[in-house]
Amino acid sequence: MPNKFARANGNFSDATIWSLSATGLSATTVPGLNDDAYSNGFTVAVDTSTTVGGLRNNNASTGGFFLSSGVILQCPNGISSGGSGSAVPTVTYNLPDTAVIYANITGVDQNCMAVSHAGNGKLTIVGNLVGGGNGNSAVRASSTGEIEIIGTVFGAGVNSITFIHTGGGNIRITGGVDSRSGSSGQPMTIANASLTNITGNITTATTRDAVVTTSTGILIVNGTIISGGTGVPVLIASTTQTGTVLLNCSLIVGSAGGSAVSIASPNVTIRVSGNILNAANGVQAIYAPSYRIDPVPANSYIRYARNGTGVGSDAWLYQFTTDSLSAFSMPPISAVRLGTTFANGTLVGTCAIPTPSSVALGVPVDNTVGAAFLNAADAGVVLMSTPLSSLTVANSLGLRLKNSASSEAIGKILASNSYG
């Protein structure tokens, strides 16, 4: 796969600005699907939709690629920065202009970024974001333009933040935020977004937090928030911050020490609509001065630790949304029909309900009464109350009795005959 290097400022579509080496002559063709394109310290305007292997800045501290409005840029080999260079592609266009990047974006090393969003137009990125090391980030947004990420934001590397947002625009992420892949890399920080909407799981398994926000805007999470380390998936550390956090999801925490959500300020409105699963050792899934369960989801529950180990029949206490004030937990399994799963799939009934045919006649069972003849009296009651029209079974005692003459009928016959 050949590399192509810019040899002058100009448009991406101009073949004369490209070379096969950093200092070579013109390559006569523009970079294509099998080429990685390097800005090489020059400013290149991506003036038309294009597919190129990858975009790189080869550690240059100046220049870079600038996306024009309406461009669709596809880079199957991804976009990555390196060294202390400038951003690889930069967005500076304004509304109503938009552009789309199809690429995985990686920050490699040093204090630079792979993609810079500095305009107020909308930028859509279809691909995953991965941080680098030593302060390197994959994407930085510093303007009021909206940014949409269809992919997962991963934390990786050393002392890096993958996605830094300091502008006032909206953030929409469909795919999730995950800090499990790097021991000291944080996926994202939000300073001033009006709206942050994350659809997907937010997960930690290390010492680093996942989504750290100082924004006074609205944060919405639709997915599951899972803490598996000492890092916190959703963190607001300021004790005076305002804003709104809407968690339309379940919160799950392990025993490592980091809660799923930690919000220190009493001025933040917090609403949770989902299950809350505290850890076996008592670590709470949510730490906040106050929060509300609103709207109340159907068939949801809060799990509390009991014996501290998470093992055994006394490991947990579940409080369900269907519980009344007089019944703190669900009914005992001995009072629920055998094999019936309830309590959101956590319990199975053990009560064996006999069939009506094995229960004495007239005795209540399930939602009906028994139908079994368990003594002579039951049989007599049935026999004496059975209408003649229903006695139709051939060779049965009932049909024989039906066809037998009664004493009344015999009397009438005798009376109608004369024996003189």
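The values are calculated or read from the model by the stated rules, or taken from the named source; none is laboratory data. Quick caveat: nothing in here was measured; it's all calculated off a predicted structure. All Cβ positions, glycine included, derive from the backbone under ideal geometry; neighbour counts span all protein chains shown.
I need the strands (runs of 3 or more DSSP E) fully contained in region 208-320, keeping only those with at least 2 residues that are hydrophobic (A, V, I, L, M, F, W, C) and closer than 21 Å to residue 170 by Cα. Quick ask: steps written out before the conclusion?
Details: elements: 211-213, 218-222, 224-227, 234-236, 243-247, 250-253, 261-263, 268-272, 301-305, 316-320.
Fully inside region 208-320 and qualifying: 211-213, 218-222, 234-236, 243-247, 268-272.
Kindly provide the set of residues from region 269-302 that are crowded, with 18+ Cβ neighbours inside 10 Å and aromatic (Phe, Trp, Tyr), ordered by number.
291, 301
Can you pull out every residue in region 65-84 that is of a type outside the set (S, T, N, Q), at pLDDT below 85 and under 18 Å from residue 4 (Cα atoms)? If you could, list the steps in order and put the result at the bottom.
Our first condition is that a residue be of a type outside the set (S, T, N, Q); within region 65-84, this holds for 65-67, 70-73, 75-76, 78-79, 82-83.
Applying the additional criterion that residues be at pLDDT below 85 yields 82-83.
Across region 65-84, the qualifying residue is only 82.
Here are 150, 173, 161: which of them is within 19 Å of residue 115 (Cβ to Cβ), buried (at least 19 other Cβ atoms within 10 Å of the Cβ), out of contact with any Pro (no Cβ under 6 Å at 6 or more places or on another chain) and at pLDDT 95 or above?
None of the others qualify; the one that does is 173.
Can you find a residue in region 4-19 that is assigned by TED's automatic domain parsing to the domain that holds residue 121, modelled with pLDDT of 85 or more, in contact with a helix residue (DSSP H, G or I) (Cβ under 7 Å, 6 or more places away or on another chain) and among the charged types (D, E, K, R)?
Yes: region 4-19 contains one or more residues that are assigned by TED's automatic domain parsing to the domain that holds residue 121, modelled with pLDDT of 85 or more, in contact with a helix residue (DSSP H, G or I) (Cβ under 7 Å, 6 or more places away or on another chain) and among the charged types (D, E, K, R).
Looking for whichever is closer than 15 Å to residue 287 by Cα, in contact (Cβ under 8 Å) with a residue 24 or more places away in the chain and surrounded by fewer than 19 Cβ atoms within 10 Å (Cβ to Cβ) here; the options are 233, 266. Which one fits?
It is 266.
Can you find a residue that is closer than 16 Å to residue 124 by Cβ, part of a loop (DSSP other than H, G, I, E, B) and of a type in the set (Val, Ile, Thr) anywhere in region 156-169?
Checked region 156-169: no residue is closer than 16 Å to residue 124 by Cβ, part of a loop (DSSP other than H, G, I, E, B) and of a type in the set (Val, Ile, Thr).
Only one of these conditions is not met by residue 173: (1) in the same structural domain as residue 130 (by TED's automatic domain parsing); (2) outside any loop (DSSP other than H, G, I, E, B); (3) closer than 30 Å to residue 94 by Cβ; (4) more than 15 Å from the chain's Cα centre (by Cα). Which number is it?
So residue 173 meets the others, but not (4).
Filtering region 27-48 down to residues that are of a type in the set (S, T, N, Q) and surrounded by 14 or more Cβ atoms within 10 Å (Cβ to Cβ), which residue is modelled with the lowest pLDDT?
For region 27-48, the residue satisfying everything is 40.
For region 10-23, check the following and say yes or no: at least one residue is in contact (Cβ under 8 Å) with a residue 24 or more places away in the chain and on the phi > 0 side of the Ramachandran plot.
Yes; the residues of region 10-23 include at least one that is in contact (Cβ under 8 Å) with a residue 24 or more places away in the chain and on the phi > 0 side of the Ramachandran plot.
Somewhere in region 238-249, is a residue polar (S, T, N, Q) and crowded, with 21+ Cβ neighbours inside 10 Å?
no
Go through region 123-146 and give me each residue that's buried (at least 24 other Cβ atoms within 10 Å of the Cβ), at pLDDT 85 or above and in a loop (DSSP other than H, G, I, E, B).
Answer for region 123-146, where residues must be buried (at least 24 other Cβ atoms within 10 Å of the Cβ), at pLDDT 85 or above and in a loop (DSSP other than H, G, I, E, B): just 145.
Name the pairs: first residue in region 280-294 and at positive phi, second residue surrounded by 18 or more Cβ atoms within 10 Å (Cβ to Cβ) and modelled with pLDDT under 95, Cβ to Cβ under 8 Å, at least 6 apart or on different chains?
Hits for this filter: 282/305.
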